[in-house]
1. Out of curiosity, is I474 in contact with an Asp or Glu (Cβ under 6 Å, 6 or more places away or on another chain), closer than 20 Å to L529 by Cα and not in a loop (DSSP other than H, G, I, E, B)?
2. Against the condition more than 30 Å from L583 (Cβ to Cβ), touching a residue at least 24 places away in the same chain (Cβ under 8 Å) and in contact with a strand residue (DSSP E or B) (Cβ under 7 Å, 6 or more places away or on another chain), how does A188 come out, does it pass?
3. Of all helices (runs of 4 or more DSSP H) completely enclosed by segment 314-428, which ones contain at least 2 residues that are in contact (Cβ under 8 Å) with a residue 24 or more places away in the chain and in contact with a strand residue (DSSP E or B) (Cβ under 7 Å, 6 or more places away or on another chain)?
4. So which residues in segment 264-290 are away from the ligand (no atom under 16 Å from the Cβ), more than 18 Å from P239 (Cβ to Cβ) and of a type in the set (D, E, K, R)?
5. Against the conditions (1) surrounded by fewer than 22 Cβ atoms within 10 Å (Cβ to Cβ); (2) within 16 Å of the ligand (Cβ to nearest atom); (3) hydroxyl-bearing (S, T, Y), where does T86 fall short? Just the number, please.
6. Restricting attention to segment 251-269, and to residues there that are of a type in the set (S, T, Y) and crowded, with 23+ Cβ neighbours inside 10 Å, which single residue is farthest from V190 (Cα to Cα)?
7. Can you tell me which residue within segment 111-145, out of those that are more than 16 Å from the ligand (Cβ to nearest atom) and outside any helix (DSSP H, G or I), is nearest to D57 (Cα to Cα)?
8. Tell me whether segment 684-692 contains one or more residues that are touching a Lys or Arg at 6+ places or on another chain (Cβ under 6 Å), modelled with pLDDT of 95 or more and either among the aliphatic types (A, V, I, L, M) or loosely packed, with under 13 Cβ neighbours inside 10 Å (or both).
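The values are calculated or read from the model by the stated rules, or taken from the named source; none is laboratory data. Nothing here was measured: the structure is a model prediction, and the numbers come from that model. All Cβ positions, even for glycine, are placed from backbone atoms using ideal geometry, and neighbour counts span all protein chains on display.
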Amino acid sequence: MKKISIATIVLSIFSHCLYLGANNYNPETDIYRKVDSLMSLMTLDEKIGQTIMYSGDWNNTGPYVNSDNMRFLKEGNLGSMLNVYTSKGTRELQKIAVEETRLGIPLLFGYDVIHGFKTIFPINLGIASGWDLEDVEEVARISADEASAAGVHWTFAPMIDIARDPRWGRVSEGSGEDVYLTSEIAKAYVKGFQGNSLTNENTILACAKHFVGYGAAQAGRDYHTVSMGDNELRNVYMPPFKAAIDSGVETFMTAFNELNGVPATANKYIFKDILRDEWGFNGFVVTDYTAINELVNHGYAENEKHATELAINSGIDMDMMSGAYRRFLKELIIEGKVEETLINEACRKILIAKFKLGLFDDPYKYCNEQREEETIYRPKFLEFARKIASKSSVLLKNIDKTLPINNKLTVALIGPLAKDKKNIIGSWAAAGDRNGKAISIYQGIKEYLDDSNIMFARGCDIESNDYSGFDKAINIAKKADKIIMVLGEDYNMSGEAASRTNIKLPGIQTQLIKTIRDELPNKQIILVLMNGRPLDLTIEDSLADAILEVWYPGTSGGLGVADILFGKYNPSAKLPITFPRNLGQVPIYYNQKNTGRPISKENPTEDYKSNYIDSPNTPLYPFGHGLSYTTFKYSEIKLSNDKLKESEILKASSTITNTGDYDGHEVVQLYIRDKVGSITRPIKELKGFKKIFLKKGESKTVVFEISSEDLKFYNNKKLILESGEFEIAISPSSDFEFNKLFNLILN
Ligand code: GLC
């Protein structure tokens, strides 16, 4: 017999009373009243229980919970769990929480649905390469649809850490180096995950992570120290998080790193002064995995009890996995070191989220096995994943129209990732299947070539010194019209705790492509790259005729990549992150400062300038770079005025013409430079972009509207606007020289 929890009884009576006064019914305040009424019934232990999150474990039959966590669950002292999914698995655990505990408060199930749940899309750096906000939102929508069908209420995404160091493995999870692009993408992810209403069964809580500065880890080493001035923090690393709040993100996650000597997980400046007081965020904050315990390792807490006191007093609402809140909060309250009001506030925010999801109305609404069966891997999801794989792949080089390939030709397909079905879904691939579900690039190519027109040789491993496969690779290369080499990294070489001190292709892959080139100096080589970070491709760039960066293209990746190789899709992606010539240039990103001794294009090796004696300053491939099979011509930029008054709008336009032989998309980018400021300003900043489609021969005029809001920046914790000269350009990438000015005039 289904036991009705006390919470449900109280709340239904309460709701009934509320409806009696229907004319003042307000869903938002209704939830607040219900939560307060429920909290009036809760013991301190039960309120602390809501601030605790433990992980489920897995065996071959699905999630199970270890005995301790199960005990806390049965005592009603566990508010959330991570790494538990499937309708069946979550229903069993939810049943305990709702029907076997005193108040029957539903559990919240969280999971890392980062770039898909079962249908896996390209890694987020690839999705960002599409520069298509509608696509980003749809990726999140589909991810939420699948995850919610499998019992998941909350995703620990979007990861919106600005990253400018390719040694850092988590560069793969973010949206690249740029503030504006990452901020726009952050908004799209949040909208996609949370939808228009969290009460819908296919929407889930989003989580802006990792707050803040994690991508600036020293030397690109994961979890390493982060030090930066407040201006850089506010002008570069914080804006994507504010954008997420503007889109209604319900939760935040703390970063593992310290920031200027204070670990994020106990950092009042960012979590109280900025997040709550300045930005007015009223959702809840969860720590990253065991991050409270780690305050002791940081040397910021004497012990875990002290760590608990520091974290709760910094405004951190939920403890993921450390157990510190469970072990020490009550003691600290009794000792007067922690105000009980802080527990009440934390518990309240967490209960509000559960109410918003509708879990008190129906705790099992996400546990529908039939819906799960019907939703997972829906054909239209897999088809969309194929399209995104194409739209995320960046054509870095394509001399003599090496691509696209005529499908009547014979191709030698070489490389350790050519037939891969495991790495292709990348890191943080949630419940994605690595056991054969994904479509390999080999399989994708076979959709276009007869069996007699494709030869395969692995050539070498991703990371070994075994040259025994070289001969077969050379032999098939000699017989083929074109050579496709699929090289890259193992998916474990990027993602969390996967920093590299060397960003070249691992193993002997570079020797493989060099050997093929030496043997066949005139045969066209197409390099397809499957990797999770910008790589040092200086050697490969000198050897290959075409280079296609496909990142980890996901479950339907092989088809999406083949659609580009054979011309069904004309590539349109642009780099969201700079590819350096070598590691020595890192950190290198497009919007650096000018310095007092900038080099000139005319004389880049001039003495006593800010340059290297052994390398150009320029990257191998710049931010915003990406080729098409067609060509686009940009007219000179036109301005509606050469002055912008503070309260007015300036229009900048350019007419783009498709001057090539293929219809195609183009990402038109707007860049602005503030020439003089009360602090030095970047030499250029992306301030807008529009992705347009042009048939061959077609022209379109793209218009950007600039307001003074676009020109503000932080100095001394104040968002300010300063008059003066601004340069402006509309360009296909960040590699351009300005030739247009306007003046900003303050009221
Ligand atoms: C990990 C990651 C974080 C993730 C969490 C839960 O350590 O840092 O991004 O959401 O733990 O898996």
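1. Working: in contact with an Asp or Glu (Cβ under 6 Å, 6 or more places away or on another chain): yes; closer than 20 Å to L529 by Cα: yes; not in a loop (DSSP other than H, G, I, E, B): yes.
Judged against the criteria, I474 is a match.
2. On the way: more than 30 Å from L583 (Cβ to Cβ): yes; touching a residue at least 24 places away in the same chain (Cβ under 8 Å): yes; in contact with a strand residue (DSSP E or B) (Cβ under 7 Å, 6 or more places away or on another chain): no.
Considered against the rule, which asks whether it is more than 30 Å from L583 (Cβ to Cβ), touching a residue at least 24 places away in the same chain (Cβ under 8 Å) and in contact with a strand residue (DSSP E or B) (Cβ under 7 Å, 6 or more places away or on another chain), A188 comes out as no.
3. Values: elements: 324-334, 340-356, 369-375, 379-392.
The qualifying helices (runs of 4 or more DSSP H) are 324-334, 340-356.
4. Those that are away from the ligand (no atom under 16 Å from the Cβ), more than 18 Å from P239 (Cβ to Cβ) and of a type in the set (D, E, K, R): K268, K272.
5. (2)
6. We begin by selecting, within segment 251-269, every residue of a type in the set (S, T, Y); these are 251, 254, 265, 269.
Retained after the next criterion (residues that are crowded, with 23+ Cβ neighbours inside 10 Å): 251, 254, 265.
Numbers: T251: 10, T254: 17, T265: 23 Å.
Top of the filtered list is T265.
7. The qualifying residue nearest to D57 (Cα to Cα) is K118.
8. Keep residues of segment 684-692 that are touching a Lys or Arg at 6+ places or on another chain (Cβ under 6 Å), which gives 684, 692.
Applying the additional criterion that residues be modelled with pLDDT of 95 or more yields 684, 692.
Filter again for either among the aliphatic types (A, V, I, L, M) or loosely packed, with under 13 Cβ neighbours inside 10 Å (or both), leaving 692.
Yes, segment 684-692 contains at least one residue that is touching a Lys or Arg at 6+ places or on another chain (Cβ under 6 Å), modelled with pLDDT of 95 or more and either among the aliphatic types (A, V, I, L, M) or loosely packed, with under 13 Cβ neighbours inside 10 Å (or both).
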